[in-house]
1. Kindly check whether there is at least one residue in the stretch 179-198 that is open to solvent by less than 80 Å² (accessible area, probe 1.4 Å), more than 16 Å from the ligand (Cβ to nearest atom) and farther than 21 Å from D68 by Cβ.
2. Do we find a residue being open to solvent by 50 Å² or more (accessible area, probe 1.4 Å), without any contact (Cβ under 8 Å) to a residue 60 or more places away in the chain, part of a strand (DSSP E or B) and not basic (K, R) anywhere in the stretch 131-146?
3. Cβ-Cβ below 6 Å, separation at least six or inter-chain, first residue in the stretch 149-162 and on the phi > 0 side of the Ramachandran plot, second of a type in the set (G, A, S): which pairs?
4. List the helices (runs of 4 or more DSSP H) that sit entirely inside the stretch 1-119 and contain at least 1 residues that are surrounded by fewer than 17 Cβ atoms within 10 Å (Cβ to Cβ) and over 18 Å from the mean Cα position of the chain (by Cα).
5. When both residues are 6+ apart or on different chains and their Cβ atoms are under 8 Å apart, which pairs have a first residue that lies in the stretch 7-23 and is without any contact (Cβ under 8 Å) to a residue 40 or more places away in the chain and of a type in the set (A, V, I, L, M, F, W, C), and a second that is within 14 Å of the ligand (Cβ to nearest atom) and open to solvent by less than 80 Å² (accessible area, probe 1.4 Å)?
Amino acid sequence: MQIILASNNKDKLREVREILSPLGIEVVSQSEAGCRFEAEETGTTFTENARIKARAAMEATGKPCVADDSGLEVNAMGGGPGVYSSRFCGDAGYPETCRRIMEIVDKQGNGDRGARFVSAVVCVFPDGREIDCLGTVEGSIGHVYEGEHGFGYDPIFVPEGGAHSMACLTDGEKNAISHRGRAFRQFADKLRTAVEIERIKE
Ligand code: IMP
């Protein structure tokens, strides 16, 4: 089974391929499918933004497309940067932005370092059907910037029960516990069920 991922983010593409290929789903990037634009994320929730990206790619290719919209929610920032996670980084770069977040959490003074990564996955089909999934991983903002793996905010996010940041995990270890791993494994289950139902109808 083949599915188009509506994303130009190479790190996401690598992770999603690693999650879905053992489950028998081949992931084709939107650029490989001939679709080079970036849809504007005008939604106020992760699910709305994932739907916008998936729909734009589906309308351009005429094929089922899946998108992930994800981000980091930090308690000390009232749940921010949330859907603005990539825009919050802007041109500053992740090491600098991660340090800014650590500073906000350190300065807030109530000891709450709680945070979570969220991934909303939406798949849209040309006949109007849609599959929605949500994955989260709870954790905290670390005291140090550490690790070489992953991307984005991984070096400052310590998953619950762990002693080191997400960036200290290999892709495989991260995918086993991550927001994106959880959301895309749910997606694979729902996709398989939808395909089975279609076969029964035929
Ligand atoms: P999106 O492409 O609009 O979904 O932006 C997601 C942004 O959230 C990324 O650019 C990162 O800033 C952040 N983010 C999402 N998932 C992860 C992750 O797995 N690790 C680190 N940062 C992430």
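The values are calculated or read from the model by the stated rules, or taken from the named source; none is laboratory data. All figures in this text were calculated on a predicted structure; none of them were measured in a lab. Counting neighbours? That spans all protein chains shown, and the Cβs are built from the backbone with ideal geometry, glycine included. All accessible areas refer to the heavy atoms of the entire protein, side chains included, with ligands and DNA or RNA removed. Shrake-Rupley method; radii C 1.70, N 1.55, O 1.52, S 1.80 Å.
1. Yes, because at least one residue in the stretch 179-198 is open to solvent by less than 80 Å² (accessible area, probe 1.4 Å), more than 16 Å from the ligand (Cβ to nearest atom) and farther than 21 Å from D68 by Cβ.
2. Initially, the stretch 131-146 is screened for residues open to solvent by 50 Å² or more (accessible area, probe 1.4 Å), giving 132, 134, 136, 138, 143-145.
Right, trim to without any contact (Cβ under 8 Å) to a residue 60 or more places away in the chain and you get 136, 138, 143-145.
Pick out the ones that are also part of a strand (DSSP E or B) and you get 136, 138.
Subset that is not basic (K, R): 136, 138.
Looking through the stretch 131-146, at least one residue is open to solvent by 50 Å² or more (accessible area, probe 1.4 Å), without any contact (Cβ under 8 Å) to a residue 60 or more places away in the chain, part of a strand (DSSP E or B) and not basic (K, R).
3. G150/A167
4. Details: elements: 10-20, 46-61, 85-89, 94-108.
Result: 46-61, 94-108.
5. Pairs found: L13/L5; L13/S7; L13/S29.
Results for (1) of a type in the set (V, I, T); (2) near the ligand (Cβ under 10 Å from one of its atoms); (3) closer than 24 Å to K53 by Cβ, shown as yes or no for each residue.
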| position | (1), (2), (3) |
| --- | --- |
| V121 | yes, no, yes |
| V124 | yes, no, yes |
| C133 | no, no, yes |
| T136 | yes, no, yes |
| G139 | no, no, no |
| E146 | no, no, no |
| G150 | no, yes, yes |
| D154 | no, yes, yes |
| C168 | no, no, no |
